[in-house]
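Colleague: Could you have a look at this structure, given as structure tokens, before my questions?
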Amino acid sequence: MVPSISAGTRRSGLVIQQLVSSVRRTPPSCGDVRLLGVDGHAGSGKSTFAGRLAEALGGAPVLHLDDIATHAELFDWTGRLLREVLAPLREGRTAHYRPYDWRARRFGPARALPPAPVVLLEGVGAGRRALRPHLALLLWMELPAEEAWRAGRERDGEEQREFWDGWIPAERRHFAEDPSRPHADLLVRRTREGIRSGSAAGTGAGSEAASVSGSESASGEKYLVLPGPAGTW
């Protein structure tokens, strides 16, 4: 059961610290782990938000789906993720996976992911049908596809133009067949100030790295977290 929020908070939106408090009250979903999915279009700011939330949670680990996907398997990685990561976490064991190197086009050395009270799963497809039963919460970055893709192209530059030309139709197909947003518990919106703060170059399949502020004042707030279409908040 997802914790409820007050009517006043529904009107104004959650800020990071309120979200942290709610996450900590949410029951575990994958063994003893509260697995949080952060999904959205490539270029929407998922990595930045996940990093900000992880920091506010005291350094919660973040698994980036850029490390799981490959050139050959942009979206066909579900079985590997379930087998290598979620099954061990569900059993209270340390998971081991090999992050994919997008430049070298091969898997790198194994990386350990021990169970933790909260683990963030960040990337396009984090809220897919096969993963939702394992999620404590699904958050969707509320930025229109075309705007997100444009930001991603600008961030990655000409070097990644060919990749984006292939990625966008693949992402369209994925969300047409297996949409995440209708099942989101919460929607994450960047304020205009947050959008203006810019982005830095990424190296993965739509990785994001934008500048954010820790301020939660009305003028400095960079995110609003609002009840999602799933109707659980």
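Colleague: Could I have the simple spin-label model distance between Ala56 and Ala87, label points 7 Å from Cα toward Cβ, reported in nm to one decimal?
Modeller: The modelled label-to-label distance comes out at 3.5 nm.
Colleague: For a quick protection proxy, order the peptides 150-161, 55-66, 29-40 by their average other-Cβ count within 10 Å, most packed first.
Modeller: Top of the packing list down: 29-40, 55-66, 150-161.
Colleague: So, one more: Are there any trypsin sites (Lys or Arg not before Pro) in the stretch 79-127 that are in a DSSP loop and have at most 10 other Cβ atoms within 10 Å? List them by number.
Modeller: Listed in order of number, the matching sites are Arg103, Arg105.
Every number here is computed from the coordinates shown, using simple stated rules; none is lab data. Given the structure is predicted, the values throughout are model-derived calculations rather than measurements. FYI the Cβ positions are ideal-geometry reconstructions off the backbone, even for glycines, and counts take in every protein chain you see.
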